[in-house]
1. For region A:214-247, give me the residue count where each residue is open to solvent by 40 Å² or more (accessible area, probe 1.4 Å), over 26 Å from the mean Cα position of the chain (by Cα) and within 11 Å of chain B (Cβ to nearest Cβ).
2. Taking the residues in region A:86-120 that are free of Cβ contacts under 8 Å to residues at least 60 places away in the same chain and open to solvent by 20 Å² or more (accessible area, probe 1.4 Å) as candidates, determine which candidate is nearest to residue B:254 (Cα to Cα).
3. Among the residues in region A:400-408, are any surrounded by 15 or more Cβ atoms within 10 Å (Cβ to Cβ) and over 28 Å from residue A:548 (Cβ atoms)?
4. Which members of region A:281-306 meet the condition of being farther than 19 Å from residue A:95 by Cβ, more than 14 Å from chain B (Cβ to nearest Cβ) and open to solvent by 10 Å² or more (accessible area, probe 1.4 Å)?
5. How about region B:225-295: which helices (runs of 4 or more DSSP H) wholly inside it have at least 1 residues that are open to solvent by less than 30 Å² (accessible area, probe 1.4 Å), touching a Lys or Arg at 6+ places or on another chain (Cβ under 7 Å) and at negative phi?
6. When you check residue A:274 against the structure, is it in contact (Cβ under 8 Å) with a residue 40 or more places away in the chain, touching a strand residue (DSSP E or B) at 6+ places or on another chain (Cβ under 8 Å) and either on the phi > 0 side of the Ramachandran plot or not assigned by TED's automatic domain parsing to the domain that holds residue A:140 (or both), yes or no?
7. Determine which member of the set A:479, A:510, A:453, A:457 is of a type in the set (A, V, I, L, M, F, W, C), closer than 30 Å to residue A:406 by Cα and open to solvent by 40 Å² or more (accessible area, probe 1.4 Å).
8. Would you mention how many residues in region B:161-184 are open to solvent by 20 Å² or more (accessible area, probe 1.4 Å) and of a type outside the set (S, T, N, Q)?
Amino acid sequence: MKKKLTAVTLAMAVSVMLLAGCGGAGRTDAGGTEAERTTAAGTGTPAAETSQPGVQDAKGEAEIDEGRTVGTIDEITINVSSDIADLAPFSVTTNGRQSVLPTLYEYLAYYDPNTESGIRGILMKDFEALDGFTFRIEIYDSIYDSAGNHITAEDVAWCFNTYHELGISGLAWLVDYCKPIDDYTVELKLMSDAAGQFENVICGQVPIVSKTAYENSPDGMTEKVVSTSPYIVDRYVSGSQLVVKKNPDYWQKDDSLILDVSRANAETITFNIITESSQTAINLETGAIDIAQKISSTEASRFIDGEDADQGYHVFGTGDSNIYLLFFNMSEDSVFHDNQALRQAICYAIDTDGIVQGAAKGSAKALKAVGNPICVDYNPEWEQQDYYDYDVDKAQERMKESGYDVSKPLRIMCASTEMSQSISQIIQAYLMQIGIQTEIEVYDSALFSTYIADPTAWDMFVDTRMNNDYVTTLSSILARKGDTPAVNFCEDATLEQLAAEASGATGHSAETVEAYMQYTKEQAYVYGLMSITNYYVTNDKVADIFVNFKGLVVPGACRYYTQQ
Amino acid sequence: MIRYIIKRLLWMIPVILGVSVLIFTILHFTPGDPVIMILGRDSTVEAQAQLRASMGLDRPFPVQLLSYLKDVFLHFDLGVSYNTGKSVSEEILFRFPYTFMLAFSSMLISVLIGIPLGVIAAVNQNKLWDRISMFIALLGVSMPQFWVGLLLVLLFALRLGILPPSGIGGPQYFILPIIANAFGGIASMARQGRSSMLEVIRSDYVTTARAKGVSKTGTIFRHALPNALIPVITVAGTSFGRSLGGTIVIESVFSIPGIGAYMISGINNRDYPIVQGCVVFLAVTFSIIMLLVDLMYAFVDPRIKAQYVSGSRKRRVKNEKKDR
């Protein structure tokens, strides 16, 4: 009896000990008492609808709470979800670097899909397209970096050529040459005239720095940055934290010419590297950070009305620049080669709305084309059209037409991310309904990237692709171009011709895009699954957020409440 | 003793050489292309070939291996990261203090709590204190570190608001990671301590000591504990050596820029110099820790010390005979 009593007492004590840590999150009012906000929207973000109650669209003009003034703030802290690695202007692109580069450096221009041309100059005063490939770019004559170096056309040309020569970006090949024409004008020639490529190169790829400053830097600016940005590096702890302070001598003195992205609305910005996703929300609740960017829908839901931590927090949502696609193997030995009916059967068998609910917990949008709805040339009419809408009967009809022998299972390959694995599992379940057995092969990012290039390693694969400017940009991977094969080894002369017409800067029009997209849909070489919603949660210091076209918050450009 | 230390240090050279060759070979033949990781999945074949050549990855395997070994052993250079161009040696040295502090503090706490728990359990075998100690040990062994870490964060950072949830701002930032990291160590230390103590306190010399009138406490602390500590030191040393390679989970949960986090980023990006550098560094630190563990045996156990000394004496006598 004594032994039993002891055991029960011990068990109870342990349970209490464990549950003490498991309890619901405490209400931490991290920034004021106001809890009811109507809207507080960001700017500069590609439009995407987020109809969830309690979630504000990160777009349009902000409505500010009555009785509170909006302006600058002394200090703001934001999370970065992966290691920044280094601060150098020309280095390998990583997610961590992407989060801090827009604060550390300036580019020639900023991509703003809400404007007619999509391009707004930062260092660039004006530009002229000489033909689809060649551009003449004029920069301001008053640009100085934080060390006082004057930025001229020679520096701009050097930056583009260095970027090209280093070849450490997938887009480096795009630059043919860049040469100075006079003190403040350069000629930039690209290797492609595809729509969106000029914007791609000048808006987010090549940070502009002084050649002298770079060459004089003992560490290639990996830690000691000298740039034209409105911020200068105060402290950098590799793998942990970056602190930047406002540059009092920012070169652009004309306030009317300063773009939102180049604003410095916070005196000090701290970027905290938080790699563990569950820790991001906890850091926000404890006040360790003020802005949590790109947090999961599950974590974000805690901050929406009715949950534990809704007091004084604002949840913003915006469409991601990446979309999820299902690629069919179109190489000669694949079962999908010359079997359009089989591809269509699979598309009809998959309920993309089911994937949205099952994999993204409703925080996504089923695709109606192989393109992101945030793209400027996305046709809203596609939303009303049939895009292999879920129909098991049609799927079974197509299966019969295909004559496919179901005895051999198909392989679905995906990367080891939670989302890709969920999507693959749901697809596997749907395909069982029409008798197709599948095996899911999950690989880490490096192996996945390697095996994609091997047509014998997979039958279908689930993957994301960035698509935030034009829907036709994806044609560069869907259609073979010269010696470069399509990502799924598709060889179709008609597709290649339609893609070339629709994506070329001169041929890009509503008609050519329509022809290309309809053909892509009909052939079903690739099936569009969904575009997910990104969530950003802020405490009550933040009036509205600025999300750039890469889906990342630019903290200096956000607006803050100066009066609590 | 000094000869013994020198001999052990010299033995480290072939160990490190073997580790270097092995890790380089494994990584070289592991699928996953660092060039594709840098340029992206949709990069052109020409761009990939160009970058591969500029990184020296198109050279034959033996040439690459020899070049690497030359850099490591002749220039003490672990190379530069493919992704950042930063020196791997410098980055490891920058990150090592964080990992060392975490590993050392955790080990210290494990020893300070785990050994007494084990001793208490052993001397009170099958009694209440034994059950409590072993229950705590069972919990520690069963609960994954990341879960313990997150529970501690929820309780102390979120609910009580007395400690920061993550980061490296000051000493208070290390309290939760150290506790989370030490929890498993306390458990294994207690279990090992109990088992060793039980073995020792049943020995004849302990019975003799008690029969001669030595008090129970005196017997335990003066006679039993030093002998029971040898396997415990082995466990402590091994786990400390392993921790110095990076407490990967804890560093990740608490955003500590240690060696473990660095190595994981290297593995994910197929940044071979980072992985090779971290493994070689781990081999060196592990060898040194094991040497220290062996020396500690001599400190706690006079029989082992006598072996070292008698070894030296025998050699001295032999040499003297030769001289004559």
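The values are calculated or read from the model by the stated rules, or taken from the named source; none is laboratory data. Quantities reported herein were computed from a predicted structural model and do not represent experimental measurements. Because the Cβ atoms are built from the backbone with ideal geometry, glycine has one as well, and the counts that use them run over all protein chains shown. All accessible areas refer to the heavy atoms of the entire protein, side chains included, with ligands and DNA or RNA removed. Shrake-Rupley method; radii C 1.70, N 1.55, O 1.52, S 1.80 Å.
1. 1
2. Here the residue is A:95.
3. Yes, because at least one residue in region A:400-408 is surrounded by 15 or more Cβ atoms within 10 Å (Cβ to Cβ) and over 28 Å from residue A:548 (Cβ atoms).
4. A:298, A:301, A:304, A:305, A:306
5. It comes to B:259-268.
6. Numbers: in contact (Cβ under 8 Å) with a residue 40 or more places away in the chain: yes; touching a strand residue (DSSP E or B) at 6+ places or on another chain (Cβ under 8 Å): yes; either on the phi > 0 side of the Ramachandran plot or not assigned by TED's automatic domain parsing to the domain that holds residue A:140 (or both): yes.
Here the answer is yes, as residue A:274 does meet what is asked.
7. A:453
8. First pass over region B:161-184, keeping only residues open to solvent by 20 Å² or more (accessible area, probe 1.4 Å): B:161-164, B:168-169, B:171-173, B:175, B:178-179, B:183-184.
Among the residues that remain, those that are also of a type outside the set (S, T, N, Q) are: B:161-164, B:168-169, B:171, B:173, B:175, B:178-179, B:183-184.
Within region B:161-184, residues that are open to solvent by 20 Å² or more (accessible area, probe 1.4 Å) and of a type outside the set (S, T, N, Q) number 13.
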